[in-house]
Each structure stands twice: as C-alpha cells, then as structure tokens.
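Visitor: Below you will find the structure I want to go over with you.
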Amino acid sequence: MPHSRNSKTPETVSRKKAPRKARVIRDLGIFGFDHIEPVILAALITEEPMLLIGQHGTAKSLLMTRISEALGLEFRHYNASLINFDDLIGFPVPSDDGQLKYVQTPATIWQAETVIFDEISRCQPEMQNKLFPLVHERKVQGLDLANLRYRWAAMNPPADEGDDSGYIGSEPLDSALADRFIFVVKVPTWKQLGKANQRAIIAGEGEHFQKQSADMLQDCIAKGRTFLSESTNRLGRYIVEYVQALIPLLAEAGLECSPRRARMFHQAILATHAATMSTVGGFDPAETTLLAVSNALPQRAEGISVPEGKLLAAHREAWACCRGLSDSAMAAILGTQDHRKRVRLALESPNLTRDEFSTVVSDAYAALEPGAREALVVCLFDADAVGRLNAPVAEQMAEVYAGITESRYYRYRGRRIEENNWGTVANVLSRPRQDDKSFSFLENALLRHYFAKRRSPDIDQFPDAWTSTIQDFSGTVT
C-alpha cells in the first residue's frame, strides 16, 4: 500500500500544460486521462512501447483492455511478477525437422496483437532481461512476433526517499529496460481526477462504450498517422534543434539521458503533435512539446524524482534555442491544420525567412483542392507576396498564374469537349459577364483544370472552392 501524504500533491508539469480537454479516451470509459490523451494517442499512432506508472486501481490495465476492444485486437494481459517464460512462449518440443517448436495456448504471446505486462517493477531480474527484445524489437527467443503491435507495461511508483507515495516491493526498473519505453506516463491519482470524473467512476459510467467511440478512436489513429508524416516534414528539423539543446539542460537538472532517449524525445514530440492535430486541428507547439517530454522521461520508472520546476526551466531555455519555433508567428503557423489559415498567418508575418514562407505556400498549394489552389495563387499575386518566395516556388506559382490570367478563348479554342463533365464549366461560362477580375480568372482557371483533367470528379466543387478561398483572403489580402 502507498504511504499517506500530509501535503497536497503538486500537479505535474504535463497536467499544467495540457493543451486541451479531450474526449476520445473518456468516451471509452476511462475518466481523468484527458490531459495525457495526446500522449496515449501518440503511442497508438507510432505503435511504440508505453509504460504507465500509477497507484493501484487507477485504470492502467483497463486502458489497454478498452483500447484493444475498440480496435478489435487480440489482447494478452500478463502479471509480470508471477509469470515465467514458458507462460509467454509455451512449452518447447522438438519438431520432425529437428527444430524446436512451442506448444501454443490461448495465453501464449505468439498470436497476440496487444500486450500489457502489469507489475513489471515486481518482475524478477532474469525475466526483465528476457522482456528486453520483446519490448524493443517485437522478438522472443530471436523469433519475430509478426502480429504484435502494441507493447505496454504498468507499474506502481517505486519507493523513493524524496517521495513517500511509492510502493514497498515495487522496485525501480532497470535503466536499460526503462530506456526501451518511448513513453513513460504518470497516470492521475484519485485526488487529481477532479470531482466530475470521480462521480463518473463511482456511478459506473465507464463500464460500457458505444461503437461510435471505437470508430472515433480508429479515425484519430488514422488521421494521426497522416499528420505525423506532415509534422515530421514541417517540424522535424526544428525539434532536432530543441532536443539537442534540451539534453545538456536536463543533465544539469540531474536527468541524464542516453543518445537513444534523445532520438525517442524527437519521435515522442512529433507524434504528440500529430495526435493533438488529429483531434482538435491545432496546438501550441511549445506546450505540446513540454507535454511529450514530461511523459518520455525514463527516470520516472527508475525511482528518480523529476524536479518539475527544473524540467520546465530546461524546456523554456531549449525552446528559446529553437529559432524557428520560438518565433511566435512560426509557432502559430505550424500549429494550425487549415492550410488557408497558415498562408494568411504567413502573409501577416513579415519576419519569416524566404524558405519558411515558401514552405508554407508550397505545402498549402499541394494540399488544397482544385479551385482553392488556383485562387490561392491569385491571392498571392494580388498581395504582391510572390517576391517573398524562393525561386523554384515562385516559378511554379508564376506558371499557374499565367495560365489563369490569359484569355480563355485564345488558349482553349478548338479543344474537344467531354459532354458528361462539361455541365459545371458551361454553367460558369453562361453566367452574365461581370467586370470583376476574379470572375474572369475563375473562368480561365476552370477551363485550365477541365482540359487538363477532363474526367476529374472534383470539377463540380471547383467554383465553390475558388469562391470560398477568395473570400477567406478578402480580409487579409488586398
């Protein structure tokens, strides 16, 4: 049992810096985890190992159980303090070809897709050694566990002289094993849940979840993986600078980190950004980065107290060294999902470098739908912002702009018309003539797109995408 505490438990940095109140994990019947939900989703997006640290009865095992049910995955729960290796792999017997094979049971790990090792801090040292390759490489006895996706573990806080909330019998995790978990997450205590979550737990509101909650989780993971690729491309080099500055600052605070952990910080930060983007569509990069780092420190599993004030100070100093993201304008741009808004923010940020501005514009042009991207080009020229682009992007935008602004009658005379896709184009061209330059450009842009892709299914949405984008920039671009 944990010892009682006389003083109020201070909130962790990760809880203070939570970027939002979330619903995905709560809708699975797990209450009070909103502040760490982006980290949990990051572990699901990346399929990297996660270690949960918390008092008994705080839903550590239930979390993985519910997630496995929602994702429809084959789940194994092992009590690491009791299990022996044969329980994991089955009893070995020789096969006809002289090789060893293992007698599988419903409890063996070979067909598992998700697994959680509970009470891992009470595991015998020799068993911990055998878990290394399983957690880190998805291998056992040198054999691949082809089906295994999620490897999680759970433990009670180990006893620590500086913190009397630890459990007697819960030993600090071996440093090498702790360093195999990218995410090391401290789950909330009863006091930290808040009254509303406490009442929900008491009333048993989380005993069942709806199919739509499972669908929402699957959708968040799928979106998060897309955003992770984008986040890596946009933020990766900035986060490298941040982590490089952070590691020595953490060492000064008594939190030494291995080169492996430096790489893990980079992965955890980008994945947490992507997870947050998948649910709310935007984030504060500084706060989300702190959330990721605070939940990726192996010292929490090693019985080493994490000085939250020093962690916050190290983060702030490292963030200031990260030139691209410490600039508030660039942080706001990179933390915004909507590409039109990104370009608007970039247009209003004169201190962006030429390459930064070009990256924002080229990313938006590639991501926007037909009609919107052509309108974006027109808006850039109207704002006289093309001069802020580097040469390759400026050349691309100029080529598109030339195709939009030249006479449609000269360019498209004699082209063959595909009747089944011509209706939208004909409707636009048959409108009463207007003096508005934007309308003439819409005609040209629509014809340009039509004859380039006659059977494009997005032709019907082209005029509305054009109009909405022009309107989006009307208050910003003049």
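The values are calculated or read from the model by the stated rules, or taken from the named source; none is laboratory data. Computed from a predicted structure; not experimentally measured. Glycine also receives a Cβ, built like all others from the backbone with ideal geometry; neighbour counts cover every protein chain displayed. To get the accessible areas, we keep the full protein, side chains included, count just its heavy atoms, and leave off ligands, DNA and RNA. Shrake-Rupley method; radii C 1.70, N 1.55, O 1.52, S 1.80 Å.
Visitor: Semi-axes of the equivalent ellipsoid of segment 220-341: what are they in whole Å, largest first, if each equals the square root of 5 times a C-alpha gyration tensor eigenvalue?
Guide: Values for segment 220-341, descending: 25, 16, 12 Å.
Visitor: Something else about it: Order these peptides, 285-294, 65-74, by their mean beta-carbon neighbour count within 10 angstrom, highest first.
Guide: Per-residue mean Cβ counts within 10 Å order the peptides as 285-294, 65-74.
Visitor: Still on this structure, I have one more. Taking a probe of 1.4 angstrom, what is the accessible area of L235 in Å², to the nearest 10?
Guide: Its accessible surface works out to 0 Å², give or take rounding.
Visitor: Please list the non-local residues whose amide H lies under 5 Å from the amide H of K101, H modeled 1.01 Å from N, same-chain partners needing a gap of 5 or more.
Guide: Amide H neighbours of K101, under 5 Å, 5+ apart: V93, S95.
Visitor: Another question, then. Would you kindly derive the ³J(HN,Hα) couplings of segment 181-193 from the backbone phi angles with the Karplus curve 6.51 cos²θ - 1.76 cosθ + 1.60 (θ = phi - 60°), listing them in order in whole Hz, with x for Gly and Pro?
Guide: 9, 5, 9, 10, 10, 8, 7, x, 7, 4, 4, 7, 5
Visitor: Then there is this: Can you give the extra length, in nm with one decimal, that the chain gains between Q192 and A107 once fully stretched, where that is 0.36 nm per residue apart less the Cα-Cα distance?
Guide: Additional length available on full extension: 27.1 nm.
Visitor: Which FRET efficiency value, to the nearest 0.05, do you get for Q244 and D338 by plugging their Cβ-Cβ distance into 1/(1 + (r/R0)^6) with R0 = 41 Å?
Guide: In this case the efficiency is close to 0.85.
Visitor: Of the peptides 195-204, 392-401, how do they stack up when ordered by the mean number of other Cβ atoms within 10 Å, highest first?
Guide: My ranking of the peptides, most packed first, is 392-401, 195-204.
Visitor: What list of ³J(HN,Hα) values in whole Hz, one per residue of segment 130-137 in order, does the Karplus curve 6.51 cos²θ - 1.76 cosθ + 1.60 (θ = phi - 60°) give from phi, with Gly and Pro shown as x?
Guide: So the J values, rounded to whole Hz, are 6, 7, 3, x, 5, 5, 7, 10.
Visitor: Report ³J(HN,Hα) in whole Hz for each residue of segment 33-40, in order, from the Karplus equation J = 6.51 cos²θ - 1.76 cosθ + 1.60 where θ = phi - 60°; Gly and Pro get x.
Guide: 9, 4, 5, 10, 4, x, 6, 4
Visitor: Of the peptides 124-134, 107-117, how do they stack up when ordered by the mean number of other Cβ atoms within 10 Å, highest first?
Guide: Ranked by mean Cβ neighbours within 10 Å, highest first: 107-117, 124-134.
Visitor: Using only alpha carbon pairs under 8 Å that are at least six residues apart, calculate the relative contact order of segment 16-133 and give it in whole percent.
Guide: Relative contact order here is 22 percent.
Visitor: Would you be so kind as to identify which of H208, S170, A153 lies farthest towards the positive end of the dipole of segment 110-238, taking Lys and Arg as +1 and Asp and Glu as -1 on Cβ and the Cα centre as origin?
Guide: So the residue we want is H208.
Visitor: How large a share of the accessible area of segment 153-308, in percent, is made up of carbon and sulfur atoms when the probe is 1.4 Å and the other protein chains stay in place?
Guide: Result for segment 153-308: 52 percent of the exposed heavy-atom area is carbon or sulfur.
Visitor: Continuing with the same structure: Could you give the accessible area per residue of segment 152-276, probe 1.4 Å, as a whole number in Å²?
Guide: For segment 152-276, the per-residue accessible area is 46 Å².
Visitor: A follow-up question, please. Mind scanning K60/K130; K139/K223; K101/K223; K223/K310 and naming the pairs with a C-alpha gap bigger than 31 Å?
Guide: Where the Cα-Cα span goes over 31 Å, the pairs concerned are K101/K223; K223/K310.
Visitor: Defining a contact as two alpha carbons under 8 Å apart and six or more residues distant in sequence, what relative contact order in percent does segment 247-315 show?
Guide: 36
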